[in-house]
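All remarks here apply to the structure that follows.
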Amino acid sequence: MSATTLTAPPSLVGSFTPEAFAAHLASLPPTLPAWWIARKRAAYARFAALPLPSRTDELWRFSSIGTLTLDGFTLPAAVTSVPHAPSGIPQAAKLVFANGRLFSRQPLSAELSARGVIVDTLQNALVQHETLVREHLLAQPPKLGSPKFAALHEAFLADGAFISVPRDVQLDLPIGIFAYALGATAAVFPHTLVVAGENARVSVVEYFGSGDDTEAQFAAGANDLYAGHGAQIAYIGKQSWSRRALSFQSNSTVVRRDARVQSLNLHLGGRQARHESLSQLAAPGAFSEMLALTVAETGQEFDQRTLQIHQAPNTKSDLLYKNALRGTAKTIFSGLIVVDPDAQKTDAYQSNRNLMLSDDAEACSLPGLEIQANDVRCTHGATSSRIDPEQEFYLQSRGIAKEAADELLTFGFFEEVLNRLVNDDLHEALRTLIQTKFKQ
Amino acid sequence: MKPPTDTDTLTAPALDLPSETTAVENPAVGIDQTAGNFSYKMEYAFDAGTGLSEATVRYISSVKKEAPWILEFRLAALKKFFAMPLPTHWATKDLEAIDFQKIRYYLSQGQKPKRTWDEVPDDIKKTFERLGIPEQERKFLAGVEAQFDSEAAYSNIKEIVAKQGVIFVNSTEGLREHPELFKKFFGKVIPTGDNKFSALNSAVFSGGSFIYVPKGVKVAQPLQAYFRINAENFGQFERTLIIADEGSEVVYMEGCTAPKFSTSTLHSAVVELVALKGAKIQYITVQNWANNVFNLVTKRGIAHEDAEIKWIDCNIGSRLTMKYPGVVLKGERARGEVISIALANDGQHQDTGAKMIHAANHTTSNIVAKSISVGQGRSTYRGVVHIPKHLKGCKNNTECDALLINTNSRTDTYPAITVRGDKNSTQHEASVSKVSEDMIFYMQQRGLTEGQAMSLAVNGFINDLARQFPMEYSVELKRLIDLEMEGSVG
């Protein structure tokens, strides 16, 4: 690293000083390939040079800018115990990370390992499966407004999950990944990389959690999903950070010919949580289904930015983001469908539904389209409203109390998204998780 | 730059033939896209020269013999204009092609409009006759103002309407003769610093209509303004303010054309509407500038209790149009509506939309926007719907439909919707489609050519909106679409 990048003004790097970065590099195993270390150095230089988002930044429209901070965080030490992981469903393998380090694991069955399935840490994969990791790890550019936080993630990424399913192998059970941030000011950088080979099938359930809700933590996470020809990936992300956490999560999905990716993100935690999701429909027949459910309470701001890029003809994407807002909660949904020239026969859908459960909540919707081909079917819709009084009245007329009726109708609002899941156990587990938060 | 003179007399204009005599099928109709493509060589008595500086603003103000507060207003606006950046962080970079120092900001033959067409200098009269304005006036208008470059050449209102107390004058006259009426709202609906172009307009505005409709008066026939750009490298900055007093109703229509020069022309208007309690204003625009015109217009209305403001906006011409008519729903039960049709052909970008600011309980707004992109044309919908805290019973409905005619036509949609609280509702829907092949095939097998079938399908797409235009305009709109669709298929 050159001397100039080491003297970046502290306001631009906050707690993530050049010294902290040097300490982070020193903590990594010496076996990591040189290209990766070089990329991390370059990423740190970018991070240190880039400004924080500003009010006039169109990609941060409606977001609270003043509450974004890089100060007051620490790179946490290893821990000796983690909270109970609420998985609720059987898993084919499990990796548990705490404060960026592998804490425990449940390995794959010998049979699946023999068929070439890999579920390992990124640190191991960087050495043992270097070519594959290098091809896919953080390979897509950050297009949704967080180049600074994406660079921070790359610079400080210590360890994460690497999942690779070879051609024609199909897993019945999901793979569980748990990422914990433990400690009052802990900063974590979780990462999950999933590569599904031709006609492979895999589902991944990722859980993000904190010790308790008083911890003012920082998270800058990312995941890369790559679905090769005919592959199927189902990705479930359950974000349940501390209610005082500041979180940035960025997803990048590449869908190849006839492949199908379904992702569902559940947003429950954080004081300010931004989620960026990029789906690239790269070849004919590709299909990306993007789902999200948010329960936003007083003092929480959820900022979701999505981009569906149709790069080839005959591709399909379907987005459904639902937010339930209570107290003084704020949600932002900003979505864009891009149809490249000549991506004819695109079928793209984008829908944002906000359920206003309080008079102090605020919902912002920015559903966008950029269409450069004519033989397409692209629609989007955004609605914001309270519970339908007619439905409420109907339930009351059947003898159900108003509060119970509202709860039923709200759960019904979530069910539309959960019903899209094929795995019933998962459906049940997620329903329990949401209803638990909702009833708190 | 000529020094201002004290006379309003005209220098004898050189009677040239039109410099571009293109074959025009029906020149009597203002909306025909080719009909506006001619210009006369003019000798202007008043010319602020090329470029923009404090001196330009002082020149304009002095030839208009304005009150000192207006000059102050203009100079403050000019400062804002210079200080503000171009909004290219969200708008198209094409704005950077405008060279503000190469534009002529004021050209006129005099500041006093004529009351009869006979008094209007010959070539200006010829221009408007060719555009069919006097004929339309006789047929169905309550009043007409015809602006030629910077000033109105002709302005007249039918006696019966004038007797009702309706005031229909240009901006200079309005501020000079009726300050008690107009000063109160002037620059209040759209503040000078609203955006860079409203600041520019506030600095150099000239022409436009100031209208006052007294309490309870319902103007039966529409009032019309026609804006004509004749000179090359010219910027037209008209300023319109319409005040509809309690319980009154008025319909205002504006049309515009300019010849097609090889250099670009700038049109940047500010239009403010005030609908007091129970009043109704309908503002109809048929924008048909030549496709070298940058059309950057700020339009906004304030609707008080039970009032209704409806913008009917049709954009067919220009190189780049950026226009988002807005309504601030200030009084309870106020209603705002934007009906928008945009047609973008090769080399055109129609960046249009709507803005609805709900500021009182039980206010409702409706936006219906339809766009058609032909060839390499690009149409964009941009909208803002804002429902702030602790309001109840507010509703918004937004529908945007885009039709793409050719393989690489382009359309974008960028709405922004903010809702606070659980007592309001919004819904937004947008769709993008092309003309169905089945439909074209069916019409072809019934004996229509592919081009005719396409025209019919496109007219069908906008039919429900076109019907809301006055008859004369909707017929022309259909005809114009037929013209635009010619040769667009295959």
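The values are calculated or read from the model by the stated rules, or taken from the named source; none is laboratory data. Everything numeric in this text was worked out from a predicted model, so none of it was measured. Cβ placement follows ideal geometry from the backbone for every residue including glycine, while neighbour counts extend to all protein chains displayed.
What the table below lists for this structure:
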quantity: First in segment A:32-59 and within 14 Å of another protein chain (Cβ to nearest Cβ), second anywhere and of a type in the set (S, T, N, Q), Cβ under 9 Å, 6 or more apart; calculated: A:Pro53/A:Ser63; A:Pro53/A:Ser146; A:Asp57/A:Ser63; A:Leu59/A:Ser146; A:Leu59/A:Ser334
quantity: Out of B:Asp412, B:Asp401, sole residue that is farther than 15 Å from A:Leu336 by Cα, in contact with a Lys or Arg (Cβ under 9 Å, 6 or more places away or on another chain), in contact (Cβ under 8 Å) with a residue 12 or more places away in the chain and part of a strand (DSSP E or B); calculated: B:Asp401
quantity: Residues satisfying the stated conditions in segment A:343-359, i.e. at the interface with chain B (Cβ under 7 Å from one of its Cβ atoms) and among the charged types (D, E, K, R); calculated: A:Asp359
quantity: Strands (runs of 3 or more DSSP E) (entirely within segment B:110-203) containing at least 1 residues that are charged (D, E, K, R) and touching a strand residue (DSSP E or B) at 6+ places or on another chain (Cβ under 8 Å); calculated: B:143-148, B:151-157
quantity: Counted residues, segment B:206-223 - those being surrounded by fewer than 24 Cβ atoms within 10 Å (Cβ to Cβ) and touching a residue at least 60 places away in the same chain (Cβ under 8 Å); calculated: 4
quantity: Leading residue by the ranking (surrounded by the fewest Cβ atoms within 10 Å (Cβ to Cβ)) among those in segment A:213-233 that are under 13 Å from the mean Cα position of the chain (by Cα) and of a type outside the set (D, E, K, R); calculated: A:Asn223
quantity: From A:Ala43, A:Ala85, A:Ala78, residue being modelled with pLDDT of 95 or more and aliphatic (A, V, I, L, M); calculated: A:Ala43
quantity: Long-range neighbours under 6 Å by Cβ, at least six apart or interchain, first residue acidic (Asp, Glu) within segment A:409-432, second modelled with pLDDT under 95 and surrounded by 13 or more Cβ atoms within 10 Å (Cβ to Cβ); calculated: A:Asp425/A:Ile89
quantity: Residue check for A:Thr80: more than 14 Å from every other protein chain (Cβ to nearest Cβ), free of Cβ contacts under 8 Å to residues at least 12 places away in the same chain and either of a type outside the set (A, V, I, L, M) or on the phi > 0 side of the Ramachandran plot (or both); calculated: yes
quantity: Hits in segment B:115-157 (condition: touching a helix residue (DSSP H, G or I) at 6+ places or on another chain (Cβ under 9 Å) and basic (Lys, Arg)); calculated: B:Lys125, B:Lys139
quantity: Test: A:Pro313 is at pLDDT 95 or above and within 12 Å of another protein chain (Cβ to nearest Cβ); calculated: yes
quantity: Qualifying residues in segment A:356-368 (those that are more than 22 Å from the chain's Cα centre (by Cα) and of a type outside the set (Asp, Glu)) - the one surrounded by the most Cβ atoms within 10 Å (Cβ to Cβ); calculated: A:Ala361
quantity: Filter result (within 14 Å of chain A (Cβ to nearest Cβ) and closer than 23 Å to B:Thr398 by Cβ) within segment B:454-466; calculated: B:Val458, B:Phe461
quantity: Residues of segment B:417-432 classified as more than 7 Å from every other protein chain (Cβ to nearest Cβ) and within 30 Å of B:Gln452 (Cα to Cα), total; calculated: 0
quantity: Some residue of segment B:423-433 being under 25 Å from the mean Cα position of the chain (by Cα) and not basic (Lys, Arg); calculated: yes
quantity: Options B:Gly347, B:Gly393: the member that is outside any strand (DSSP E or B), within 30 Å of B:Pro259 (Cβ to Cβ) and either away from chain A (no Cβ under 14 Å) or not hydroxyl-bearing (Ser, Thr, Tyr) (or both); calculated: B:Gly347
quantity: Entirely in segment A:79-190, the strands (runs of 3 or more DSSP E) that have 1 or more residues that are buried (at least 23 other Cβ atoms within 10 Å of the Cβ); calculated: A:93-98, A:118-121, A:161-165, A:175-181
quantity: Residue in segment B:401-420 that is touching a helix residue (DSSP H, G or I) at 6+ places or on another chain (Cβ under 6 Å) and surrounded by 20 or more Cβ atoms within 10 Å (Cβ to Cβ) present; calculated: yes
quantity: Qualifying position, being more than 7 Å from chain A (Cβ to nearest Cβ), of a type in the set (Gly, Ala, Ser) and part of a loop (DSSP other than H, G, I, E, B), among B:Gly451, B:Gly447; calculated: B:Gly447
quantity: Enumeration of residues in segment B:368-378 that are assigned to a strand (DSSP E or B) and more than 10 Å from chain A (Cβ to nearest Cβ); calculated: B:Val368, B:Ala369, B:Lys370, B:Ser371, B:Ile372
quantity: Residue that is surrounded by the most Cβ atoms within 10 Å (Cβ to Cβ), among those in segment A:234-258 that are more than 24 Å from A:Gln91 (Cβ to Cβ) and hydrophobic (A, V, I, L, M, F, W, C); calculated: A:Val255
quantity: Lone unmet requirement of (1) of a type in the set (S, T, N, Q); (2) within 14 Å of chain B (Cβ to nearest Cβ); (3) in contact with a helix residue (DSSP H, G or I) (Cβ under 8 Å, 6 or more places away or on another chain) for A:Gln396; calculated: (2)
quantity: Some residue of segment B:364-383 being without any contact (Cβ under 8 Å) to a residue 40 or more places away in the chain, farther than 25 Å from B:Asn295 by Cα and surrounded by 22 or more Cβ atoms within 10 Å (Cβ to Cβ); calculated: yes
quantity: Residue selected from segment B:425-449 under the condition charged (D, E, K, R) and surrounded by 14 or more Cβ atoms within 10 Å (Cβ to Cβ), by the criterion farthest from A:Ala363 (Cα to Cα); calculated: B:Lys434
quantity: Residue check, A:Tyr321 hydroxyl-bearing (Ser, Thr, Tyr), over 19 Å from the mean Cα position of the chain (by Cα) and either more than 10 Å from chain B (Cβ to nearest Cβ) or more than 18 Å from A:His267 (Cβ to Cβ) (or both); calculated: no
quantity: Criterion violated by A:Ser210 - all others in (1) of a type in the set (S, T, N, Q); (2) surrounded by fewer than 24 Cβ atoms within 10 Å (Cβ to Cβ); (3) modelled with pLDDT under 95 satisfied; calculated: (2)
quantity: Per-region count, segment A:287-308, residues buried (at least 23 other Cβ atoms within 10 Å of the Cβ) and either farther than 27 Å from B:Asp412 by Cα or without any contact (Cβ under 8 Å) to a residue 12 or more places away in the chain (or both); calculated: 4
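One line per residue, one yes/no per condition, for (1) over 20 Å from the mean Cα position of the chain (by Cα); (2) more than 17 Å from A:Ile309 (Cα to Cα):
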position	(1), (2)
A:Gly327	yes, yes
A:Leu336	no, no
A:Val339	yes, no
A:Asp342	yes, no
A:Arg353	no, yes
A:Ser385	yes, yes
A:Asp388	yes, yes
A:Arg398	yes, yes
A:Phe411	yes, yes
